[in-house]
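J.: Quick one: the structure is below, and I'll ask about it shortly.
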Amino acid sequence: MPTPPPIPPCAQDLPLLHWTEDGEPRQARWRCERPGPPPARVVTADDTLSADAAYRLACEGTALLWRGDFQNARQLLTAMARRADRPPRRGSAQAVDTTAGAAFHRHRQAQAQRARVLAMLLIPFDADFAIPLRRAPVVRQACAEVWGPPDPDGGANVAALRELLGLVSAHEWRKKGVPVPALGAAPDNRIHPHHGVFSPVRGEYVELVAEASLPVGDGTAFDIGTGSGVLAAVLARRGLRVTATDMDDSALACARDNLQRLALTPAVHLLQADLFPPGRSSLVVCNPPWLPARPGSPIERAVYDEDSRMLLGFLNGLAAHLAPGGEGWLILSDLAEHLGLRTRAELLGAIEAGGLRVLGRIDRRPVHRKAFDTQDPLHAARSAEVTSLWRLGATDG
């Protein structure tokens, strides 16, 4: 049976969104995965509101609590997104830094502003997570998977429509799963990602772990930061006994669910830990977030590693957790190098500072859609990206 989700914060611990409607003060539990208080200014809106007016209000920081038709709200969100995606107007004399790093920071700023604006379109929920709007879908299960079971005494809830659509999308991915050819033949090769846990849709890093020659050793492996459990599952299918760690409750629940589905629970021990489990192993694998930047939401923690904390933590602690003659496998994209966020010299220096030496490297070009999208503002960097499996050994090993 799939593992139930971790218990989220109690509904009574959630902040309250306040607004006035029909001359009376109202309030509801504020459901939001991003940190920060609920909007301070809230107005009710319905099908009579134009996209231009909605976008203007959202840009000014006014939240729109929807009282009209649900499908019309979806259309309005799409129209607001089109306005948010319009290229900014620039004066002809304005100098623009065209370096890859500057383009990356402009892209992140634009995406953050876009997210803030689109998050201003809000949807009400009853205590049982039903949506009291015309033509509203049934989303109780999708909400319960993330928010926990509904509390009959918890009162009304409010969440951004954009976030709700993300919950529904995550629910569908969780139901059908993502095929991972490296795990073998279908249908027993699917990973079912949970909301907030990175999905293994980029197969090159999984293929690297599936194809690299295993070191001679005691048949054990550590998977550091297991996430969905996909790399632990690949290693287990290769005959290794794996200890997989993660700090995040949702990730551990997701990994446990996937290992149960794949009948690999006896081969993998899950442990909540910051990076390494106790002891040593012949193989220690880590696929840290690839970009040294601050994440803006929980799901971005799988992409952004602020101050390279996880990368440096892995490199600094690896030698102490390798069995004699063992190997550490660091799976890392060089996208950060192409964006000017980290140099190859800095990476090699961190490897050396950790008492490690490079035994070899296997490279793989990405085949995901963004690598070929010439309209992507980061296309130049993405088109040059290479994902590598760095084989590392202890300097004195």
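The values are calculated or read from the model by the stated rules, or taken from the named source; none is laboratory data. Values in this document were obtained by computation on a predicted structure and should not be read as measured data. No Cβ is skipped: glycine too gets one built from the backbone with ideal geometry, and neighbour counts run over all protein chains shown.
J.: Out of the residues in the range 136-155 that are of a type outside the set (Gly, Ala, Ser) and more than 23 Å from Trp173 (Cα to Cα), state the one that is surrounded by the most Cβ atoms within 10 Å (Cβ to Cβ).
T.: Asp151
J.: Name the residues in the range 177-194 that are surrounded by 22 or more Cβ atoms within 10 Å (Cβ to Cβ) and part of a loop (DSSP other than H, G, I, E, B), would you?
T.: Answer for the range 177-194, where residues must be surrounded by 22 or more Cβ atoms within 10 Å (Cβ to Cβ) and part of a loop (DSSP other than H, G, I, E, B): Val180, Pro193, His194.
J.: Mind listing just one residue for me: the one in the range 131-156 that is of a type in the set (Gly, Ala, Ser) and in contact with a helix residue (DSSP H, G or I) (Cβ under 7 Å, 6 or more places away or on another chain) and, of those, modelled with the lowest pLDDT?
T.: Taking the candidates together, the pick is Gly154.
J.: Follow-up question, since we're still on this one. Would it be correct to say that Leu359 is in contact (Cβ under 8 Å) with a residue 24 or more places away in the chain and either on the phi > 0 side of the Ramachandran plot or part of a strand (DSSP E or B) (or both)?
T.: Against the criterion (in contact (Cβ under 8 Å) with a residue 24 or more places away in the chain and either on the phi > 0 side of the Ramachandran plot or part of a strand (DSSP E or B) (or both)), Leu359 qualifies.
J.: Okay, moving on. Is there any pair with a first residue in the range 217-228 that is closer than 11 Å to Asp248 by Cβ and a second that is of a type in the set (S, T, N, Q) and part of a strand (DSSP E or B) whose Cβ atoms are under 9 Å apart and which are 6 or more apart or on different chains, and what are they?
T.: Every condition considered, the pairs that remain are Gly225/Thr245; Thr226/Thr245.
J.: Among the candidates Gly61, Gly101, Gly36, Gly68, single out the residue that is touching a residue at least 60 places away in the same chain (Cβ under 8 Å) and within 30 Å of Val146 (Cα to Cα). Steps first, please.
T.: Numbers: Gly61 fails: touching a residue at least 60 places away in the same chain (Cβ under 8 Å); Gly101 fails: within 30 Å of Val146 (Cα to Cα); Gly36 fails: touching a residue at least 60 places away in the same chain (Cβ under 8 Å).
One residue alone meets the criteria, Gly68.
J.: Being surrounded by fewer than 16 Cβ atoms within 10 Å (Cβ to Cβ) and either within 20 Å of Leu291 (Cα to Cα) or assigned by TED's automatic domain parsing to the domain that holds Gln111 (or both), is that true of even one residue in the range 355-364?
T.: Yes: the range 355-364 contains one or more residues that are surrounded by fewer than 16 Cβ atoms within 10 Å (Cβ to Cβ) and either within 20 Å of Leu291 (Cα to Cα) or assigned by TED's automatic domain parsing to the domain that holds Gln111 (or both).
J.: Here's a check for you: in the range 211-227, which residue that is surrounded by 20 or more Cβ atoms within 10 Å (Cβ to Cβ) and not in a loop (DSSP other than H, G, I, E, B) is nearest to the chain's Cα centre (by Cα)?
T.: Ile224
J.: Which pairs turn up if I take residues in the range 164-176 that are under 17 Å from Ser228 (Cβ atoms) and crowded, with 16+ Cβ neighbours inside 10 Å and look for partners that are modelled with pLDDT of 95 or more and polar (S, T, N, Q) with beta carbon separation below 8 Å, at least 6 apart in sequence or on another chain?
T.: His171/Gln141
J.: Sort out which residues of the range 318-331 are surrounded by fewer than 23 Cβ atoms within 10 Å (Cβ to Cβ) and within 27 Å of the chain's Cα centre (by Cα), and write them in order of number.
T.: Within the range 318-331, Ile331 is the sole residue that qualifies.
J.: Does Leu275 satisfy being on the phi > 0 side of the Ramachandran plot, in contact with a strand residue (DSSP E or B) (Cβ under 6 Å, 6 or more places away or on another chain), crowded, with 19+ Cβ neighbours inside 10 Å and not basic (Lys, Arg)?
T.: Numbers: on the phi > 0 side of the Ramachandran plot: yes; in contact with a strand residue (DSSP E or B) (Cβ under 6 Å, 6 or more places away or on another chain): yes; crowded, with 19+ Cβ neighbours inside 10 Å: yes; not basic (Lys, Arg): yes.
Yes.
J.: Looking only at residues in the range 297-317 that are surrounded by 16 or more Cβ atoms within 10 Å (Cβ to Cβ) and of a type in the set (A, V, I, L, M, F, W, C), which one is farthest from Asp248 (Cα to Cα)?
T.: Out of the qualifying residues, it is Leu315.
J.: Now a separate question. Need pairs with beta-carbon distance below 9 Å; first residue among the aromatic types (Phe, Trp, Tyr) and within the range 383-397, second surrounded by fewer than 16 Cβ atoms within 10 Å (Cβ to Cβ); sequence gap 6+ or separate chains.
T.: Trp390/Val358; Trp390/Leu359; Trp390/Gly360; Trp390/Arg361
J.: Would it be correct to say that Val146 is assigned to a helix (DSSP H, G or I), touching a Pro at 6+ places or on another chain (Cβ under 9 Å), of a type in the set (Val, Ile, Thr) and under 30 Å from Gln27 (Cα atoms)?
T.: Considered against the rule, which asks whether it is assigned to a helix (DSSP H, G or I), touching a Pro at 6+ places or on another chain (Cβ under 9 Å), of a type in the set (Val, Ile, Thr) and under 30 Å from Gln27 (Cα atoms), Val146 comes out as yes.
J.: Among the residues of the range 55-66, write down those that are surrounded by fewer than 17 Cβ atoms within 10 Å (Cβ to Cβ) and either farther than 15 Å from Ala112 by Cα or among the charged types (D, E, K, R) (or both).
T.: Arg56, Glu60, Thr62
J.: Right, next: Conditions first: (1) modelled with pLDDT of 95 or more; (2) closer than 22 Å to Val209 by Cβ. Glu385 passes all but one, so which condition is the exception?
T.: Tallying (1) modelled with pLDDT of 95 or more; (2) closer than 22 Å to Val209 by Cβ, Glu385 fails exactly one: (1).
J.: Which one is farthest from Gly177 (Cα to Cα), of the residues in the range 241-258 that are buried (at least 24 other Cβ atoms within 10 Å of the Cβ) and hydrophobic (A, V, I, L, M, F, W, C)?
T.: That would be Val242.
J.: Within the range 332-345, track down each residue that is surrounded by 14 or more Cβ atoms within 10 Å (Cβ to Cβ) and part of a helix (DSSP H, G or I).
T.: Residues satisfying the conditions are Leu335, Ala336, Glu337, His338.
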